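Q: Here you go, one structure.
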Amino acid sequence: MSKSDMYYGKECIAMLLAGGRGSRLGSLTEAIAKPAVTFGGKYRIIDFPLTNCVRSGIDTVGVMTQYQPLLLHSYIGRGQDWDLDLLVGGVSILPPHSKPGSTAWYSGTANAVYQNVDFIDAYQPEYLLVLAADHVYKMDYSKMLDHHKQIGADCTIAVIEVPMKDASRFGILNTDPHDRVVEFEEKPEVPKNNLASMGVYIFNWNVLRKYLAQDDADPNSENDFGGDILPNMLADGCGMFAYRFDGYWKDVGTEESLWQANMDLLDDMHLGFENWQILSKSGGQPPHYIAPTGSIQNTLITEGCEIYGTVEHSVLSAGVVVEEGAVVKNSVIMGNVRIRKNATVEYAILGENTVVATGQTVGTERSPNGGGPTLLVHGATAESKGG
Amino acid sequence: MYIGLSLSDPHPDFVSDGSTKRTLSAAQFAGRYRLVDFMLSNMVNSGINHIGMVLNSHYQSLIAHIGMGKEWDLARKSGGLTFFPPYLSDARQSVNNEIDGPLHRAVQAVAKISGEYVVLVDSSVVCNLDYRPAMDAHRLSGADVMAIYVKKQVQPDSRGYAVAYDIDEDGRITGISGASGAKDEVQNVSLGAYIMDKRVFLQLMGREKNCGMLRFSKEILAPQLWRLRVRGYEFRGYTAQISSVETFFRHNMEMLDTEKRNELFHYGGRRIFTSRRDSLPTKYGKRAHIENSIIADGCQIEGTVINSVICRNVRIRPGAVVENCVLKDRTVVERHAKLNWMIVDRGGYISESRNMLGSDTYPVYIEPERII
């Protein structure tokens, strides 16, 4: 492609940070990147920011990948499942690459964007939407962009109020009465505020571009948005504002929160936003089958499943087979898991392609002050791991 | 290079009754499929990606379903899918001077494009068929036409739509006739699929004005058996040929049989493609009770479902009982309503505490968007 072919003006384009491992998800992300982790039966986590972009009218999305990207790459494909297979714009997968004078991995979130300055410049955007790709939420970014323009900010950060006791788990914005950000604290031990950053940022591209270059030239920087770029912009007096969001938003970065967010779907499948259908790449399997011996209650289930046993209060992804006599309770079962005869699965997350052997027990009853759910990694066979 | 061409037959019983304003090949099957999905998937899975579809009437929902053929990888620069719909002027032409009906245009198009062989198929036969071994057999046999058939018993309700072959010891077809539908008689039943050299296709169809698969088999091919070498190729998997409300119901219900379902959907690793809508997963309520049913995505089931086929986005409220039914997309069954032996077409609404009862030999059909 000649450079002139790429020059198309877009007011706002999105950059998705999809390169992280998500190590708090433990072995679940040994083989796949966190944004590719299964969620809610039919989805992968990256479906949420991708759908939000498309539904917000943002049709140009760069997805920066680095850690275990194979599944993520094939899942996104040409973007056809999100109507992002476009002649102008659409989805572009952006892994780290070598160029004259440098061969570098993405060293941080800011560095990942900086290494793709040429990609962004080609679209000559006025605004850049930077998104973490590891949250479950439905959000109209165009409203946030309107807000950003209205107040004439350099940077707008979406925030959600979290309970004060949880605030130390998040990036917290300390603001003045006009929601202007005066301080950004990453996971403060003693939080002064409960406005948590949602990992959704809008920047004026010409401003951010300057700070990215500065940051790149600073050998002491960790090249991180939260740790470096935002503090530098604040120090220089840039106009940085919080944008309050009051819908459903969940960080699914831990086993417990991933389990909980799946269970939240049993209470409200729409996550509070009915007319915002999440787009995804489904496998196109036949509808699921419930056998005469099967029993299924209070559960989300999808195509290709076959239920001969008992399933209660769980979320099942495509192609799961629960054999006769097996019992599944309070669990998240990812794609193509097979739970053999008379096995029991309780309060567990089973990664894709897991097999639970006949009569085996996985997990234990959930206790109010007990630990997180039992986790079986992708492709594991629970032959020897008893409950 | 093979060219695929599909024909459809008029099915007066079904169009007036089971599939109002919808061509047969757009009828639903197994909860999320349309009959045409099987023909298109079989073609694509066999490496045939230059496909023409001759359309006759009521094809709006068929075209809406197929679109550009993206789901079958048929939206492509070379090859892909071409529709041949009738023109308004076709209908005005008298029988005698009808010159350019949709079939005629399709034959002209086949003549022009490169490809040595034509696979002529019925667009509404349900099966998971790999044409490749049949295509190889055709080339090696040196026959003019290879006709694919299945050995089975024809049910009385399919009589008039099923075609049977007489096949001699050498595998040559010596007779083509309407299947008898007699009890306990296994016949060589046509699957409405013919592989032939393009030259033979053009000879046979070159002057045809309008032609469904029944007419092709019985009136065009049959009289030529004395001079053409027409051979049979036996297919051994699951097949369903739908021609009436009863057969529609019976074959949908057959999908509750796991063996038949596996034969159709998991045969040789070949997938059946269909349009995907990204419906939500299906949600079962706390008092849902389900036995022996297949249920598509997007449903909310709070009541009882037994021996039924439930299509997408159906709502079954608490206390409702659905037994031996096919419920199509968006059906709502309100609290304490009871349905038995029914087909409810898309968007049907069954009010609270209604009782509706058909019978196993006569399922009652409720037309689309009907409020009961």
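Q: List, in order, the whole-Hz ³J(HN,Hα) value for each residue of segment A:261-278 obtained from phi through the Karplus relation with A = 6.51, B = -1.76, C = 1.60 and θ = phi - 60°; use x for Gly and Pro.
A: 5, 4, 5, 4, 5, 5, 8, 8, 5, 8, 6, x, 8, 5, 8, 9, 5, 7
Q: Per-residue counts of other Cβ atoms within 10 Å, averaged by peptide: what ranking do you get for B:54-61, A:306-313, highest first? Before the final figure, lay out the partial values.
A: Working: B:54-61: 18.9, A:306-313: 21.5.
Put in order of decreasing packing, that is A:306-313, B:54-61.
Q: For the protein assembly as shown, give the share of DSSP beta bridges that are antiparallel, in percent and rounded to the nearest 5; count only bridges with both residues there.
A: Antiparallel: roughly 40 percent of the beta bridges in the protein assembly as shown.
Q: Tell me the Kirkwood hydrodynamic radius of chain B in angstroms, computed as one over the mean inverse distance between distinct C-alpha pairs.
A: Details: mean 1/r = 0.0466 Å⁻¹.
The answer is 21.5 Å.
Q: Quick check on segment B:165-250: what are the equivalent-ellipsoid semi-axes from the Cα gyration tensor, as sqrt(5λ), descending, whole Å?
A: Working: eigenvalues 114, 62, 29 Å².
Ellipsoid half-lengths, sorted descending, are 24, 18, 12 Å.
Q: Next up: With labels modelled as points extended 7 Å from the Cα through the Cβ direction, what inter-label distance (nm, one decimal) is found for A:Lys99 paired with B:Ile371?
A: Here the answer is 6.3 nm between the modelled labels.
Q: Now for a different question. Between B:Ala182 and B:Arg236, take the C-beta separation as r, use R0 = 22 Å, and let me know the FRET efficiency to the nearest 0.05. Don't jump to the answer; show the numbers that get you there.
A: Working: r = 22 Å, r/R0 = 1.01.
So, using R0 = 22 Å, E works out to roughly 0.50.
Q: Ok, one more. Which FRET efficiency value, to the nearest 0.05, do you get for A:Gln68 and A:Thr254 by plugging their Cβ-Cβ distance into 1/(1 + (r/R0)^6) with R0 = 22 Å? Write down the numbers at each step before the final one.
A: Details: r = 19 Å, r/R0 = 0.84.
The pair A:Gln68/A:Thr254 has a calculated efficiency of 0.75.
Q: Shifting gears a bit: Give me the log10 of I(q) over I(0) for segment B:244-372 at q = 0.09, 0.12 Å⁻¹, as the Debye formula computes it from C-alpha points; what are the numbers?
A: -0.24, -0.43
Q: Within the set of other residues whose C-beta is less than 10 Å from the C-beta of A:Ile290, count the net charge using Lys and Arg as +1 and Asp and Glu as -1.
A: On the way: positive: none; negative: A:Glu306, B:Glu291.
Net charge in that neighbourhood comes out at -2.
Q: So how much slack lies between B:Asp168 and B:Tyr362, counting 0.36 nm per residue of separation and subtracting their Cα-Cα distance, in nm? Show your work: numbers first, answer last.
A: Values: separation 194, 0.36 × 194 = 69.84 nm, distance 3.84 nm.
Once the chain is fully extended between B:Asp168 and B:Tyr362, it gains 66.0 nm.
Q: Looking at the P(r) of segment A:65-214, how many percent of alpha-carbon pairs lie beyond 22 Å? Mind showing how you got there, number by number?
A: Details: 5775 of 11175 pairs.
Value for segment A:65-214 (Cα pairs over 22 Å): 52 percent.
Q: Work out the mean other chain Cβ neighbour count within 10 Å for the residues of B:294-305 and drop it here as an integer.
A: On the way: counts 6, 8, 5, 10, 1, 2, 1, 4, 1, 0, 0, 1.
Averaged over the peptide's residues, the number is 3.
Q: Quick one: if you stick a label point 7 Å off each Cα along the C-beta vector at A:Arg180 and A:Glu324, how many nm between them?
A: 7.2 nm
Q: I've got another one for you. Explain nothing, just compute: Karplus ³J(HN,Hα) = 6.51 cos²θ - 1.76 cosθ + 1.60, θ = phi - 60°, for every residue of segment B:213-221 in order, whole Hz, x for Gly and Pro.
A: With coefficients 6.51, -1.76 and 1.60, one gets 5, 4, 5, 4, 5, 8, 10, 9, 7 Hz.
Q: At a 10 Å Cβ-Cβ cut-off, how would you order B:Lys77, B:Lys151, A:Lys165, fewest neighbours first? Walk me through the numbers before you get to the answer.
A: On the way: B:Lys77 5, B:Lys151 12, A:Lys165 9.
Lowest count first: B:Lys77, A:Lys165, B:Lys151.
Q: Another question, if that's okay. How many angstrom lie between the Cα centre of segment A:303-317 and the Cα centre of segment A:93-140?
A: For segment A:303-317 versus segment A:93-140, the Cα centre distance is 39 Å.
Q: Over segment B:319-363, what relative contact order in percent results from Cα pairs under 8 Å that are six or more residues apart? Write down the numbers at each step before the final one.
A: Working: 102 pairs, mean separation 17.0, N = 45.
Relative contact order, segment B:319-363: 38 percent.
Q: Any lysines with Cα under 18 Å of the B:Lys152 Cα? List them, leaving off those in the same chain fewer than 8 positions away.
A: B:Lys152 reaches B:Lys183, B:Lys260.
Q: Pairing the Cα long axis of helix B:131-141 with the longest principal axis of chain B, what angle in degrees results, from 0 to 90 and rounded to the nearest 10?
A: In chain B, helix B:131-141 runs at an angle near 20 degrees to the longest axis.
Q: Cα gyration tensor of segment A:39-125, axes a ≥ b ≥ c as square roots of the eigenvalues: rounded (a/c below 1.5), prolate (a/b > b/c) or oblate? Walk me through the numbers before you get to the answer.
A: Values: a/c = 2.08, a/b = 1.38, b/c = 1.51.
It comes out oblate by the Cα gyration axes.
Q: Something else: Give the shape of chain A as rounded, prolate or oblate, defined through the alpha-carbon gyration tensor: a ≥ b ≥ c are the square roots of its eigenvalues, a/c under 1.5 means rounded, and otherwise the shape is prolate if a/b is larger than b/c and oblate if not.
A: Numbers: a/c = 2.03, a/b = 1.68, b/c = 1.21.
Cα axes put chain A in the prolate bin.
Q: Could you name the lysines whose alpha carbon sits less than 20 Å from that of A:Lys165, not counting residues in the same chain fewer than 8 places away?
A: Here the lysines satisfying the reach criterion relative to A:Lys165 are A:Lys187, A:Lys192, A:Lys250.
Q: Per residue of A:276-285, how many C-beta atoms from partner chains lie within 10 Å of its own C-beta, taken as a mean?
A: Numbers: counts 0, 4, 2, 2, 2, 2, 6, 2, 11, 5.
Rounded to a whole number, the mean comes out at 4.
Q: Quick one: length gained pulling B:Lys151 to B:Ser114 fully straight, 0.36 nm per residue minus the C-alpha distance?
A: Roughly 9.9 nm would be gained on extension.
Q: Can I ask one more? Could you please report the charge total around A:Val190, scoring K, R as +1 and D, E as -1 over all other residues with beta-carbon less than 15 angstrom from its beta-carbon?
A: Result for the neighbourhood of A:Val190: -1.
Q: Also, quick follow-up: Quick one: Cα centre-to-centre distance for segment B:262-324 and segment A:213-279, in angstrom?
A: One Cα centre to the other: 36 Å.
Q: Also, I was wondering about something else. Under the rule a/c < 1.5 gives rounded, and otherwise a/b versus b/c splits prolate from oblate, where does the protein assembly as shown land using the Cα gyration tensor? It would help to have the intermediate numbers written out before the result.
A: Numbers: a/c = 2.29, a/b = 1.64, b/c = 1.40.
Prolate, because a/c is 1.5 or more and a/b exceeds b/c.
Each value in this text was obtained by applying a stated rule to the coordinates, not by laboratory testing. Only a predicted model underlies this, so the values are computations on that prediction, with no experimental measurement involved. Here the Cβ is made from the backbone with ideal geometry for all residues, glycine too, and neighbour counts use every protein chain on show.
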